[in-house]
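Asks: Have a look at this one before I ask anything.
Since every read-out is calculated from the coordinates, none of them should be taken as a lab result. What you are looking at is a predicted structure, and each value in this text was computed from that prediction instead of being measured. Cβ placement follows ideal geometry from the backbone for every residue including glycine, while neighbour counts extend to all protein chains displayed.
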Amino acid sequence: MHELSITQSVVDAVTERMCDARIRRIRLEVGRCSGLVPDAVRFCFELVAAGTTCEGAALEIDEPPGRATCRACGDGFDTAEVLPLCGCGSADVAVEGGRELRIREVEVV
Amino acid sequence: MCGTCGCGPEVTTEATRRVALEIDLLAKNDDRAVANRRWLADNDVLAVNLMSSPGSGKTTLLERTIRDLGDHLSCAVLEGDQETLLDAERIGATGAPVVQINTGAGCHLDAEMVADGVRRLAPERGSVLFVENVGNLVCPALFDLGEAARVVIMSVTEGADKPLKYPHMFRTADLMLVNKVDLLPHVEFDVAHCVAHARRARPDVEVLEVSATRGDGLGAWYDWLRHRRITGAGRGRTFS
Ligand SMILES: Nc1nc2c(ncn2[C@@H]2O[C@H](COP(=O)(O)OP(=O)(O)OP(=O)(O)O)[C@@H](O)[C@H]2O)c(=O)[nH]1
Ligand SMILES: [Mg+2]
Ligand SMILES: [Zn+2]
C-alpha cells in the first residue's frame with residue numbers, strides 16, 4: 001500500500017515546514033487519475049499523525065478529475081480513468097490533469 | 001480573558017491561520033531520484049528498474065542474464081523484497097555483486113532505499129545495475145528511483161488484460177517482456193491483445209517475448225541491454 005508512505009510524507013512535510021505549530025487542518029489535492037486512493041490516505045493518516053503536531057487534524061482531500069479529449073471525434077469529458085474510452089468507442093484519448101498529488105494548505109493555531 | 005485588564009473567563013475560540021504550502025507529495029523522492037540519476041550518469045552505470053507481479057520471473061531472468069552475459073558485461077543487482085534474503089542468495093550464486101533491500105511493510109522501493117543500496121553495492125564503471133523491485137504492479141509505479149529505463153515483465157499465466165488493469169505501471173514502461181512463452185501452448189493468452197493493451201498505456205513501448213527458463217528471445221533482450229548500455233547510462237527521463 002503506497003498510501004502509507006505517501007501519507008507519511010504528508011506528515012513529514014507538514015511538521016518540517018510548520019515547526020512546532022499545532023496543525024488543525026490539512027488540505028490535500030489527490031487527482032482522480034493519480035493512482036492514490038483517498039480513503040486509504042484517510043485511514044493511514046490517523047496512524048501516521050499520532051504523536052505528531054498533526055494529531056487530530058482534519059484531513060480534507062480535493063479530488064480533481066482528469067480532462068479527456070478524444071482524438072477521433074473531438075469530444076471532451078471529465079474522467080477518473082488513466083486510459084479512458086470515449087463514448088464514440090475510441091481509445092485514442094488524451095488526458096490532461098487528474099494526476100495531482102499535493103499539499104495545498106494547512107490551518108495552524 | 002479581557003485584553004485590557006485580564007478580567008473575565010478565558011476566550012475559547014482560538015485564532016487559526018491558513019498557510020499555503022503547495023508541496024508535491026513525491027517531491028522528496030523525486031529529488032533523491034534526480035541525485036541518483038546524476039551519480040549513475042557520472043559513474044557510467046546503466047540502472048534498469050525491473051518490475052512485475054510476484055513470480056513473473058524477475059529473478060530467474062536475472063540469473064540467466066548474468067550467467068549468459070557475465071564475461072562480456074559487468075552486472076550488479078539490488079534486490080527488493082519485503083522479507084528474506086532468498087533472491088539475493090540466488091543472484092549471489094551467479095557470482096554477481098548483490099545487495100538485498102528488505103522493505104518490511106513497504107510494497108515498493110523508493111529512491112532513498114536505492115541510494116543506500118548503491119552506496120553499499122558500489123557498482124563499477126561501465127556496468128549494468130539491475131534493480132529488482134518488489135513484486136507488485138501497483139505501488140512501484142509511482143516511485144522514480146533514478147533509473148535509466150523501466151522494464152515491466154508480464155508472464156503469460158497472468159492474463160493479457162494486465163496492462164489495462166494496472167495502467168500506471170505500464171504507462172511508464174520502456175520495455176515489456178512477455179515471459180514464460182514456453183507455457184503458451186498450455187494457457188489461453190493472446191500476445192497480440194496484450195501488446196495492444198500495453199500500447200494503449202504507452203504507445204511506443206518496446207515488446208519482447210521471452211522464456212527465462214527455456215531461453216526463447218533472450219538474444220533480443222541482451223541486444224536491448226547492450227544497446228541501452230551504449231546509448232543511455234543514467235541519462236534516462238524521469239518517471240513520475
Ligand atoms: N515455465 C516457465 N517458468 C518460469 C519462467 N521464468 C520463471 N519461471 C518460474 O516462475 C517462478 C517464479 O520465478 P521468479 O524468478 O522467482 O519470479 P520473481 O518475479 O523474481 O518473483 P518475486 O521476486 O517473488 O516477485 C519460478 O518457479 C520460476 O522457475 C519461464 O520463462 N517459464
Ligand atoms: Mg524475485
Ligand atoms: Zn470520441
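Asks: Put a dot 7 Å past each Cα toward the Cβ at B:Asp190 and B:Tyr222; how far apart are the dots in nm?
Replies: 3.5 nm
Asks: A further question on this structure: Over all directions, average the projected area of the Cα convex hull of segment B:12-231 and note it in nm².
Replies: 15.6 nm²
Asks: Next question, about the same structure. How far is helix B:111-121 tilted off the main Cα axis of chain B, in degrees rounded to 10, range 0 to 90?
Replies: On a 0 to 90 degree scale, this one is about 50.
Asks: If Lys and Arg each add +1 and Asp and Glu each add -1, what is the summed charge of the other residues whose beta carbon sits under 11 Å from the beta carbon of B:Cys139?
Replies: Within the 11 Å Cβ shell, the charges total -2.
Asks: Here's something else I'd like to know. Return one number: the angle in degrees, 0 to 90 and rounded to the nearest 10, between the long axis of the Cα atoms of helix B:191-201 and the longest principal axis of the Cα atoms of chain B.
Replies: Compared with the principal axis, the helix lies near 30 degrees.
Asks: I've got another one for you. About the Cα centre of segment B:12-121, what is the dipole size in debye to 20, counting +1 per Lys and Arg Cβ and -1 per Asp and Glu Cβ, all else neutral?
Replies: 120 debye
Asks: Follow-up. Enter the Cα centre distance for the pair segment B:125-192 and segment B:10-55, rounded to the nearest angstrom.
Replies: So the separation of the two Cα centres works out to 23 Å.
Asks: Please tell me the relative contact order of segment B:1-133 in percent, rounded to the nearest whole number, where contacts are Cα pairs under 8 Å and at least six residues apart.
Replies: 33 percent
Asks: Using a Gaussian network model of chain B with C-alpha springs under 10 Å, which one of B:Ala41, B:Ala15, B:Ala141 is most mobile by mean-square fluctuation?
Replies: Of B:Ala41, B:Ala15, B:Ala141, the most mobile in the Gaussian network model is B:Ala15.
Asks: Would you please give the residues with an amide H less than 5 Å from that of B:Val210, counting only those at least 5 places away or on a separate chain, with H modeled from the backbone geometry?
Replies: So B:Val210 has HN proximity to B:Val178, B:Asn179, B:Lys180, B:Val181.
Asks: Using only the alpha carbons, work out the radius of gyration and Dmax of the protein assembly as shown in angstrom.
Replies: 23.4, 90
Asks: In segment A:16-53, which trypsin sites (Lys or Arg not before Pro) are in a loop and have at most 16 other Cβ atoms within 10 Å, using DSSP for the loop call?
Replies: Passing sites in segment A:16-53 are A:Arg22.
Asks: Counting Lys and Arg as +1 and Asp and Glu as -1, each charge on the Cβ, what is the dipole of chain A about the Cα centre in debye, to the nearest 20?
Replies: That gives chain A a dipole magnitude of about 120 debye.
Asks: Per residue of chain B, what 222 nm ellipticity follows from adding -39500 (n - 2.57) for every DSSP H run with n ≥ 4, rounded to the nearest 500?
Replies: Helices in chain B give a 222 nm mean residue ellipticity of -10000 deg cm²/dmol.
Asks: If you average the sequence gap of Cα pairs under 8 Å that are 6 or more apart and divide by the length of chain B, what percent do you get for the contact order?
Replies: Value for chain B: 25 percent.
Asks: Starting from the amide H of A:Glu105, placed 1.01 Å from N in the peptide plane, find each other amide H under 5 Å away whose residue is 5 or more places distant or on another chain.
Replies: Close amide H contacts, sequence-distant or interchain: A:Arg27, B:Leu21, B:Glu22.
Asks: Rounded to the nearest 10 degrees, what's the angle between the helix A:38-49 long axis and the longest principal axis of chain A, both from Cα atoms, 0 to 90?
Replies: Helix A:38-49 and the main axis of chain A meet at about 20 degrees.
Asks: FRET efficiency for B:Glu124 and B:Arg38, Cβ-Cβ distance as r, R0 = 22 Å, nearest 0.05?
Replies: 0.80
Asks: As I understand it, the dipole of segment B:12-231 uses +1 on the Cβ of Lys and Arg and -1 on the Cβ of Asp and Glu, about the Cα centre. Which of B:Leu69, B:Asn29, B:Pro97 lies farthest toward its positive end?
Replies: B:Asn29
Asks: If you don't mind, another one. Out of the trypsin sites (Lys or Arg not before Pro) in segment B:68-139, which ones are loop residues according to DSSP with at most 11 other C-beta atoms within 10 Å?
Replies: Qualifying residues, ordered by number: B:Arg125.
Asks: Quick check: net charge around B:Ala198, other residues with Cβ under 11 Å of its Cβ, Lys/Arg +1 and Asp/Glu -1?
Replies: +2
Asks: Count the DSSP beta bridges whose two residues both fall in the protein assembly as shown, then state the antiparallel fraction as a percent rounded to the nearest 5.
Replies: Here the antiparallel bridges make up roughly 40 percent for the protein assembly as shown.
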